[in-house]
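Presented below is the structure to which this report refers.
The values are calculated or read from the model by the stated rules, or taken from the named source; none is laboratory data. This structure is a prediction, so every number in the text was calculated from the model and none was measured. We place every Cβ from the backbone using ideal geometry, glycine too, and count neighbours over all the protein chains shown. With ligands, DNA and RNA removed, areas are computed over all heavy atoms of the protein, side chains included. Shrake-Rupley method; radii C 1.70, N 1.55, O 1.52, S 1.80 Å.
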2 protein chains.
Amino acid sequence: MTKVTIIGLGLIGGSLGLALKRFGGGDWRITGYSRRPETARKALEIGAVDVAEPGLGRAASETDMVVLAAPIGVTRDLLGEIAPHLAPGCVVTDTCSTKGRVLEWAGSLLPPGVEFVGGHPMAGKETWGLDVAEANLFEGATYCIVPPPGATSFALGLVTKLAKAVRARPLVVSAAAHDHMVAGISHLPLVLSAALVAVTQQDPKWPDMSLLAAGGYRDTTRLASGNPDMGRDICLTNREAVLSWIDRFATELSQFRKDIDLADGKGIEARLTSARKAREAWSRQRSKSGG
Amino acid sequence: MTKVTIIGLGLIGGSLGLALKRFGGGDWRITGYSRRPETARKALEIGAVDVAEPGLGRAASETDMVVLAAPIGVTRDLLGEIAPHLAPGCVVTDTCSTKGRVLEWAGSLLPPGVEFVGGHPMAGKETWGLDVAEANLFEGATYCIVPPPGATSFALGLVTKLAKAVRARPLVVSAAAHDHMVAGISHLPLVLSAALVAVTQQDPKWPDMSLLAAGGYRDTTRLASGNPDMGRDICLTNREAVLSWIDRFATELSQFRKDIDLADGKGIEARLTSARKAREAWSRQRSKSGG
């Protein structure tokens with residue numbers, strides 16, 4: 001039996017609890033903590049946790065594992081607050097979207113004898129909160145596991161066990177590789193999506209345009225409906241990687257623009273054909289792996 | 001009873017036929033023409049047309065209305081080829097994604113006594129062909145109706161009747177307004193989508209990144225899976241509007257980049273909050289109107 005404490009019971013924390021209860025084979029004893037007592041009560045009611053603990057210090061003590069499933073904006077403070085309460089041998093992980101900063105904070109704030117191994121399940125929704133949590137949120141999703149240099153196989157193993165228990169696919173990567181990769185497939189798309197909404201909805205013709213906008217616009221802009229606080233923290237904590245991807249994107253866009261400006265039909269077609277092939281290959285791989 | 005000939009029996013032409021048969025109240029007698037005889041036969045089999053006419057000239061003659069539902073790349077030639085066969089009083093429309101060029105071609109190629117009123121149903125899929133045609137493709141979608149200056153209310157009325165018969169919502173706009181608007185909500189997103197695929201999949205880390213890419217990447221890049229020929233023709237026939245939107249987008253993106261570079265949390269949050277509000281307002285309006 002592994003004692004795990006989930007701190008933060010929103011979409012991710014709540015879904016982790018539900019998934020551990022449903023798929024964890026009874027191996028997990030789950031304590032839940034939320035800043036808001038009514039959320040912890042709700043988590044208990046829906047069976048996402050076994051115990052709702054109103055005190056953060058008590059929630060962090062006498063447990064084998066702590067999962068910080070809170071916004072990255074409060075994660076540094078949480079690390080500092082739980083640090084004095086953690087038992088020796090406890091493993092702490094998180095679910096934040098960026099990893100470099102979190103690993104730095106954990107390295108400086110957690111006491112000796114407590115290990116930190118970062119985590120990032122690649123699953124989400126554009127809505128958030130416990131109400132939209134679900135047990136199968138992580139099914140088939142990649143779960144990035146981000147150990148600091150020198151992590152023990154014990155700590156790595158425990159976070160891997162958690163990822164597998166919620167039916168995700170663990171992938172061990174360095175913090176730098178993680179932050180570079182998610183900036184490309186997640187943070188850059190978020191910025192593009194928000195910029196697309198901004199530029200179209202500032203147009204004087206938007207009232208009519210909005211009637212024409214259909215499925216393509218809906219999908220391309222979906223990420224713009226996400227949590228703005230979370231998006232801001234992503235941009236701030238993964239600043240360098242996001243900037244570098246924006247620059248690479250801007251270069252690609254200006255090359256595409258040149259082909260259009262020159263009315264270079266062959267060039268445009270080659271770009272679109274190559275993008276289509278690459279995207280279809282990704283899509284096939286994804287549906288094969290059940291992701 | 002209105003005699004209508006659909007030229008081109010792919011996703012759009014086939015769906016128009018199916019929708020007219022299902023929802024048209026028996027008021028439409030549909031002749032179908034496809035360059036490929038097996039497609040016309042298939043359209044007859046699935047009940048998308050009443051008659052499959054193998055000759056383009058014959059298909060265009062003795063009909064009240066011709067709908068050109070072919071790629072824009074062949075639409076100019078088709079206008080020239082059907083011109084000598086059209087009966088006086090016949091109304092010709094199309095379903096192309098851009099309207100300026102098509103109206104020019106129709107104006108110079110169609111004989112006096114034949115009227116052209118452009119059309120563009122705002123519905124589609126990233127797949128194409130008769131196999132994916134469906135009767136309810138246009139349900140609740142906006143159907144742009146683009147008359148040239150001086151169009152008669154008779155011709156405008158007939159194309160409007162067609163749009164309503166397939167359960168779409170007619171919206172009359174000028175060619176210039178149409179091309180400007182669709183460049184913003186459809187052609188710019190296509191270019192962004194393809195550029196995003198290109199820049200991510202050229203990254204040396206793509207094999208691992210592809211495992212991390214999830215729903216956000218899927219949606220933001222969906223348009224990149226569309227027909228490259230169609231995308232090329234869109235960029236070529238709506239070149240000026242697409243270029244102008246790319247420039248506006250690039251400006252917006254560089255302003256967003258500046259906020260990130262300055263680690264201006266308030267600025268980033270304001271951009272994301274504003275995009276979220278605008279996108280949610282659009283989404284609510286869309287679900288209210290059943291689009």
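Taking segment B:239-291 on its own, how many of its residues are among the basic types (Lys, Arg), more than 7 Å from chain A (Cβ to nearest Cβ) and open to solvent by 60 Å² or more (accessible area, probe 1.4 Å)?
Taking segment B:239-291 first, the residues among the basic types (Lys, Arg) are B:239, B:248, B:257-258, B:266, B:271, B:276-277, B:279, B:284, B:286, B:288.
In the following step, the residues that additionally are more than 7 Å from chain A (Cβ to nearest Cβ) were identified as B:258, B:266, B:277, B:284, B:286, B:288.
Still in the running and open to solvent by 60 Å² or more (accessible area, probe 1.4 Å): B:258, B:266, B:277, B:284, B:288.
The number of residues fulfilling the criteria is 5.
Spot the failing condition for B:GLN202; the list is (1) open to solvent by 20 Å² or more (accessible area, probe 1.4 Å); (2) touching an Asp or Glu at 6+ places or on another chain (Cβ under 9 Å); (3) more than 8 Å from every other protein chain (Cβ to nearest Cβ); (4) under 30 Å from B:PRO148 (Cβ atoms), and only one is missed.
(4)
Taking the stated definitions as given, is A:VAL191 open to solvent by less than 50 Å² (accessible area, probe 1.4 Å), in contact (Cβ under 8 Å) with a residue 40 or more places away in the chain and farther than 30 Å from B:ALA177 by Cα?
No.
Scanning segment A:174-186 for residues that are closer than 17 Å to A:PRO147 by Cβ and open to solvent by less than 10 Å² (accessible area, probe 1.4 Å), which turns out farthest from the other protein chains (Cβ to nearest Cβ)? Outline the logic, then answer.
To start, the set of residues in segment A:174-186 that are closer than 17 Å to A:PRO147 by Cβ comprises A:174-182.
So of that shortlist, the ones also open to solvent by less than 10 Å² (accessible area, probe 1.4 Å) come out as A:178, A:181-182.
Details: A:HIS178: 8, A:MET181: 4, A:VAL182: 6 Å.
Checking each candidate, the answer is A:HIS178.
Tally up the residues in segment B:1-14 that are assigned to a helix (DSSP H, G or I) and among the β-branched types (Val, Ile, Thr), please.
So in segment B:1-14, the residues assigned to a helix (DSSP H, G or I) come out as B:11-14.
Still in the running and among the β-branched types (Val, Ile, Thr): B:12.
Final tally of qualifying residues: 1.
Among the residues of segment A:97-135, which ones are in contact (Cβ under 8 Å) with a residue 12 or more places away in the chain, closer than 22 Å to A:PHE154 by Cβ and over 14 Å from the mean Cα position of the chain (by Cα)?
A:LEU103, A:TRP105, A:ALA106, A:GLY107, A:LEU109, A:LEU110, A:PRO111, A:GLY113, A:VAL114, A:GLU115, A:PHE116, A:VAL117
Need a quick list: strands (runs of 3 or more DSSP E) entirely within segment B:15-121 having at least 1 residues that are within 30 Å of B:GLU240 (Cβ to Cβ).
Details: elements: B:28-33, B:65-68, B:91-94, B:118-121.
Correct list: B:65-68, B:91-94, B:118-121.
Quick check, is A:ASP179 assigned to a helix (DSSP H, G or I) and under 17 Å from the mean Cα position of the chain (by Cα)? Spell out the reasoning first.
Details: assigned to a helix (DSSP H, G or I): yes; under 17 Å from the mean Cα position of the chain (by Cα): yes.
Yes: the conditions hold for A:ASP179.
Select the helices (runs of 4 or more DSSP H) contained entirely in segment A:226-291, then report the ones holding at least 1 residues which are of a type in the set (Ser, Thr, Tyr) and more than 21 Å from B:THR127 (Cα to Cα). Explain how you work it out, then say what you get.
Details: elements: A:228-237, A:239-261, A:265-288.
Passing ranges, in order: A:228-237, A:239-261.
Within segment B:98-133, can you find the residues that are open to solvent by 10 Å² or more (accessible area, probe 1.4 Å) and within 14 Å of chain A (Cβ to nearest Cβ)?
Residues of segment B:98-133 open to solvent by 10 Å² or more (accessible area, probe 1.4 Å): B:100-101, B:103-105, B:107-116, B:120, B:122-133.
Of everything in segment B:98-133, those that are open to solvent by 10 Å² or more (accessible area, probe 1.4 Å) and within 14 Å of chain A (Cβ to nearest Cβ) turn out to be B:ARG101, B:HIS120, B:MET122, B:ALA123, B:GLY124, B:LYS125, B:GLU126, B:THR127, B:TRP128, B:VAL132.
Considering only residues of segment A:227-238 that are within 7 Å of chain B (Cβ to nearest Cβ) and crowded, with 21+ Cβ neighbours inside 10 Å, which is nearest to A:VAL102 (Cα to Cα)?
A:CYS235
Could you list, in sequence order, the residues of segment B:134-169 that are over 11 Å from B:VAL117 (Cβ atoms), open to solvent by 10 Å² or more (accessible area, probe 1.4 Å), touching a strand residue (DSSP E or B) at 6+ places or on another chain (Cβ under 7 Å) and not small (Gly, Ala, Ser)?
Answer for segment B:134-169, where residues must be over 11 Å from B:VAL117 (Cβ atoms), open to solvent by 10 Å² or more (accessible area, probe 1.4 Å), touching a strand residue (DSSP E or B) at 6+ places or on another chain (Cβ under 7 Å) and not small (Gly, Ala, Ser): B:THR142, B:LYS164, B:ARG169.
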